[in-house]
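A.B. asks: Okay, handing you the structure first.
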Amino acid sequence: LGLAAPRRHPKRGAQPPLEILRQWMDHAGWYDRKETSYRELVDIQFIAAMGPPGGGRTFVTQRYIRHFNVLSFVPFSNLSLARVFTTIVDWFLGNGGFQGGVKSQSSAMVTATVDMYNTIAENLLPTPAKSHYLFNLRDISKVFQGVAQAHSDFVKDKDSLIRIWCHECQRVFGDRLINSQDRDWFAGMVAEKVKDHFSVEYSKARGPHEVLIYGNYMNPGGAVMIYNEVDDREKLHRVMEEYLEIGRASCRERV
């Protein structure tokens, strides 16, 4: 049971969906409005999960909360997050054959990711029009999962590591933004984090392309599909046309 904490009555403060559940907890059932008989439900246990109020999430009444044994935990501190993810990133870069200039950026990449997550969670709050603007620790881990697809033959220096990190942040956070205002804010924030944590201008590290594209689809039919930056846009267009033609041929065979 996920407690979405529905909107309260403006005068009485009641939350009708939760009041229905509370009635069962107080009286073990409900009256049937057609038959005027009491319907009792037995052997039921409720397990609920909820986030803290704020950002579109309202309070749940205490007369409902009192029926639960409440378990809560505090968020990880930035120091704990940095320690966990730095250990993971150091292991990946150390065992992946990456050069020293890349491995030396592990701490900067972790602190930049945590800083970005905190900034986004503070500024991009969920609203009725943006109800999916909910960010959690899984988003941080997804950034590093994307970076962990990098290959040491192609990520050879600091700038190339910054590019793949920026790409993964864009995929995890930026792709969820719904309007130009939020996307422009995110682009400026990424450039700011790159400068603050990597001491490099984002425009220099980004290279000639305004939009970063990474993928493992540039060698159709290859034995090893390597996740790498796509810098040849003409080849990308040809490869996509080949995939489309393969798909069309497959459809014709089925017909």
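A.B. asks: Can we say Gly247 is exposed (fewer than 11 other Cβ atoms within 10 Å of the Cβ) and free of Cβ contacts under 8 Å to residues at least 40 places away in the same chain?
C.D. replies: For Gly247, the condition - exposed (fewer than 11 other Cβ atoms within 10 Å of the Cβ) and free of Cβ contacts under 8 Å to residues at least 40 places away in the same chain - is met.
A.B. asks: Going by what's in this entry, would Tyr214 be described as in contact with a helix residue (DSSP H, G or I) (Cβ under 7 Å, 6 or more places away or on another chain) and aromatic (Phe, Trp, Tyr)?
C.D. replies: On the way: in contact with a helix residue (DSSP H, G or I) (Cβ under 7 Å, 6 or more places away or on another chain): yes; aromatic (Phe, Trp, Tyr): yes.
Answer is yes for this residue.
A.B. asks: Please enumerate the residues belonging to the range 27-41 that are closer than 25 Å to Val60 by Cβ and loosely packed, with under 10 Cβ neighbours inside 10 Å.
C.D. replies: Leu41 - this is the single residue of the range 27-41 that is closer than 25 Å to Val60 by Cβ and loosely packed, with under 10 Cβ neighbours inside 10 Å.
A.B. asks: Further question on the same structure: Can you tell me which residues in the range 174-207 are open to solvent by 80 Å² or more (accessible area, probe 1.4 Å) and without any contact (Cβ under 8 Å) to a residue 12 or more places away in the chain?
C.D. replies: Asp175, Gln181, Arg183, Asp184, Glu192, Lys195, Ser199, Glu201 - these are the residues of the range 174-207 that are open to solvent by 80 Å² or more (accessible area, probe 1.4 Å) and without any contact (Cβ under 8 Å) to a residue 12 or more places away in the chain.
A.B. asks: Also, quick follow-up: Name the single residue that is nearest to Ala148 (Cα to Cα) among those in the range 208-232 being open to solvent by 70 Å² or more (accessible area, probe 1.4 Å) and among the charged types (D, E, K, R).
C.D. replies: Asp231
A.B. asks: Which helices (runs of 4 or more DSSP H) sit wholly inside the range 139-255 and have at least 3 residues that are in contact with a Gly (Cβ under 9 Å, 6 or more places away or on another chain)?
C.D. replies: Ranges flagged: 158-172, 180-198.
A.B. asks: Moving to a separate point now. Scan the range 127-143 for residues that are open to solvent by 20 Å² or more (accessible area, probe 1.4 Å) and out of contact with any Pro (no Cβ under 9 Å at 6 or more places or on another chain) and report the count.
C.D. replies: Selection size over the range 127-143: 10.
A.B. asks: Checking the conditions here, which among Lys156, Lys130 is of a type outside the set (Phe, Trp, Tyr) and touching a Leu at 6+ places or on another chain (Cβ under 8 Å)?
C.D. replies: Exactly one of Lys156, Lys130 is of a type outside the set (Phe, Trp, Tyr) and touching a Leu at 6+ places or on another chain (Cβ under 8 Å), namely Lys130.
The values are calculated or read from the model by the stated rules, or taken from the named source; none is laboratory data. Remember, it's a predicted structure, so these values are computed and weren't measured experimentally. When we count neighbours, we look across all protein chains shown, and the Cβ atoms used for this are built from the backbone with ideal geometry, even at glycine. Calculation scope for accessible area: heavy atoms of the full protein, side chains included, ligands and nucleic acids excluded. Shrake-Rupley method; radii C 1.70, N 1.55, O 1.52, S 1.80 Å.
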